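K.L.:
This is the structure I want to talk about, given as structure tokens.
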Amino acid sequence: MIKPLITIDHVNKYFGSAHVLQNISTHFNAGEVAVIIGASGSGKSTLLRMLNRMERHDSGTIIINDIEVDDDLRHLSALRAEVGMVFQQFNLFPHMTVLENITLAPRRVRKLSKEQANIEALQLLERVGMLDHASKYPFALSGGQQQRVAIARALAMKPEVLLFDEPTSALDPEMVKEVLDVMKELAKSGMTMIVVTHEMGFAREVGDRILFFDQGCIAQDAPPEQFFSAQENPRIRTFLGQIN
Ligand code: ADP
Ligand code: MG
């Protein structure tokens, strides 16, 4: 049996009295692309945020690449290098150029020289089609361009897994494709990805699995062919009807 890259075992999360993740167990293998869908408030973002400890779980175990996600600071710093995250709102540093945004963490955390960090950053910018924009500031870029830079910035830490939380939801429609194309290329290259999205075309084409979240539970976990054909769960049918 292959050892999973990420193991989530009987994990619970409460906000006050709200039980937002209810005894979740699943695992993700290296190279897998998992797509998470589900209604607003079903716990999708909370799960992603727990994987890089932006949010703590209340019980259960999360292990990523043999590192337990807990309060141990050594675990935390190792984890931050293994898990990259791309947000809906890009979150680039506004006062830094594209190149500075990408090289900051590799220089600080991976201790790369400025020269080496620049070389790697330019390669990543080429990969996301943004090489010509290295010296620009975020405000001078479109949303789609900013999100491609954010992906390059996440990749610069050489993470084992990339988490995407609705990466195209804040974009104008004409910019969605350029970001999804970069994500598809990453998936093809073998990157492990967990992607929260409503882009069902992407889910169908690129996803190895689709997980449907419903009120803090994983209500279904199936390959796309199975998930989209003859869907018998009425709550999933309703959800799919609403987003299409
Ligand atoms: P999704 O990403 O699926 O829309 P979230 O994970 O953001 O859902 O939220 C799950 C539930 O937890 C929602 O009911 C939300 O209101 C609640 N929640 C999320 N973050 C917080 C927080 N920091 N404090 C209190 N409640 C929160
Ligand atoms: Mg969310």
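The values are calculated or read from the model by the stated rules, or taken from the named source; none is laboratory data. What you see is a predicted model; the values in this text were computed from it and never measured. Cβ coordinates were reconstructed from backbone atoms using ideal geometry, including for glycine residues, and neighbour counts include every protein chain displayed. Areas reflect the complete protein model, heavy atoms only, side chains present, ligands, DNA and RNA absent. Shrake-Rupley method; radii C 1.70, N 1.55, O 1.52, S 1.80 Å.
K.L.:
Report the rotationally averaged projected area of the range 1-67 based on its alpha-carbon convex hull, in square nanometres.
P.N.:
The Cα convex hull of the range 1-67, projected and averaged over all directions, gives 4.9 nm².
K.L.:
Moving to a separate point now. In the range 181-237, how does Rg compare with the Kirkwood Rh, expressed as the Rg/Rh ratio over alpha carbon atoms? Walk me through the numbers on the way to the answer.
P.N.:
Details: Rg = 12.1 Å, Rh = 12.2 Å.
When Rh is taken as the Kirkwood radius, the ratio is 0.98.
K.L.:
May I ask you to compute the full-extension gain from HIS95 to TYR137, defined as 0.36 nm times their residue separation minus their alpha-carbon distance, rounded to one decimal in nm?
P.N.:
Numbers: separation 42, 0.36 × 42 = 15.12 nm, distance 0.71 nm.
Result: 14.4 nm gained on full extension.
K.L.:
Here's a follow-up. Taking the full set of protein chains and a 1.4 angstrom probe, give the accessible area of ASP66 in square angstrom, rounded to the nearest 10.
P.N.:
Its accessible surface works out to 110 Å², give or take rounding.
K.L.:
Ok, one more. Suppose each label sits 7 Å from its Cα in the direction of the beta carbon; what would the THR26-HIS75 distance come out to in nanometres?
P.N.:
Computed distance between label sites THR26 and HIS75 equals 2.2 nm.
K.L.:
Per residue and in cubic angstrom, what volume does the convex hull of the Cα atoms of the range 169-211 have? List each step's numbers first, then the result.
P.N.:
On the way: hull volume 3.2 nm³, N = 43.
Hull volume over Cα atoms, normalised by residue count, gives 74 Å³.
K.L.:
Go through LYS13/LYS111; LYS114/LYS177; LYS136/LYS184 and tell me which ones have a Cα-Cα distance over 28 Å in this structure. Working shown, then result.
P.N.:
Numbers: LYS13/LYS111 35 Å; LYS114/LYS177 33 Å; LYS136/LYS184 25 Å.
Pairs exceeding the cut-off: LYS13/LYS111; LYS114/LYS177.
K.L.:
Also: Taking the alpha-carbon centroid of each part, what is the distance from the range 173-219 to the range 64-103 in angstrom?
P.N.:
Rounded to whole Å, the Cα centres lie 20 Å apart.
K.L.:
Cα extents of the range 148-244 along the three principal axes, largest first, in whole Å?
P.N.:
In descending order, the Cα extents are 41, 29, 24 Å.
K.L.:
Let me ask something else. Along the principal axes of its C-alpha atoms, what lengths does the range 139-197 span, in descending order and rounded to whole Å?
P.N.:
29, 21, 17
K.L.:
Please identify which residues in the range 150-167 have an amide N closer than 16 Å to a label point set 7 Å out from the Cα of ILE2, following the Cα→Cβ vector.
P.N.:
160-162
K.L.:
Only Cα pairs under 8 Å and at least 6 apart count here; give the relative contact order of the chain as a rounded whole percent. Walk me through the intermediate numbers first.
P.N.:
Values: 429 pairs, mean separation 62.9, N = 244.
It rounds to 26 percent for the chain.
K.L.:
Considering Cα pairs under 8 angstrom that are at least six residues apart, work out the relative contact order of the range 52-163 and quote it in whole percent.
P.N.:
Values: 134 pairs, mean separation 38.3, N = 112.
Relative contact order here is 34 percent.
K.L.:
What figure in square angstrom, to the nearest 10, would you give for the accessible area of ILE210 with a 1.4 Å probe?
P.N.:
ILE210 exposes around 0 Å² with every protein chain in place.
K.L.:
Relative to the present Cα-Cα distance, how much length would full extension add between SER189 and CYS217 at 0.36 nm per residue of separation?
P.N.:
7.0 nm is the gain from fully extending SER189 to CYS217.
K.L.:
Please report the carbon-and-sulfur percent of the accessible area for the chain; probe 1.4 Å, protein heavy atoms only, DNA, RNA and ligands left out.
P.N.:
Of the solvent-accessible surface of the chain, carbon and sulfur hold 50 percent.
K.L.:
To the nearest 10 square angstrom, what accessible area does ILE8 show with a 1.4 Å probe?
P.N.:
0 Å²
K.L.:
Also: Working from the pairwise distances between different alpha carbons, so that the mean of 1/r is found and then inverted, what is the range 51-109's Kirkwood radius in Å? Walk me through the intermediate numbers first.
P.N.:
On the way: mean 1/r = 0.0752 Å⁻¹.
With all distinct Cα pairs of the range 51-109 included, I get 13.3 Å.
K.L.:
Plugging the Kirkwood radius over Cα pairs into Stokes-Einstein for the range 82-205, at a temperature of 4 °C and a viscosity of 1.567 mPa s, what D comes out in µm²/s?
P.N.:
On the way: Rh = 14.4 Å.
Here the translational diffusion coefficient equals 90 µm²/s.
K.L.:
Given only helices, namely DSSP H runs of n ≥ 4 each adding -39500 (n - 2.57), what is the per-residue ellipticity at 222 nm of the chain, to the nearest 500 deg cm²/dmol? Please report the intermediate quantities before stating the final value.
P.N.:
Values: 9 runs with 94 residues, N = 244.
The helix-only estimate for the chain comes to -11500 deg cm²/dmol at 222 nm.
K.L.:
With a probe of 1.4 Å, find how much accessible area the chain has per residue, and write the answer as a whole number in Å².
P.N.:
Details: 11760 Å² over 244 residues.
It amounts to 48 Å² per residue over the chain.
K.L.:
Here's something else I'd like to know. Semi-axes, largest first, in whole Å: what does sqrt of 5 times each Cα gyration tensor eigenvalue give for the chain?
P.N.:
Working: eigenvalues 175, 99, 50 Å².
Value: 30, 22, 16 Å, ordered largest first.
K.L.:
Given a Förster radius of 35 Å and the C-beta distance between ALA18 and ILE119 as r, what FRET efficiency does 1/(1 + (r/R0)^6) yield to the nearest 0.05? Can you show the working numbers first?
P.N.:
Numbers: r = 47 Å, r/R0 = 1.35.
Here the calculated transfer efficiency is 0.15.
K.L.:
OK, next. Over the range 11-105, how many percent of alpha carbon pairs lie in each 5 Å bin up to the one with the longest distance?
P.N.:
Result returned by the calculation: 2, 10, 19, 21, 19, 15, 8, 4, 1.
K.L.:
Report, for the chain, the % of DSSP beta bridges that are antiparallel, rounded to 5. The partial results should precede the final answer.
P.N.:
Details: 19 of 37 bridges.
The answer is about 50 percent antiparallel.
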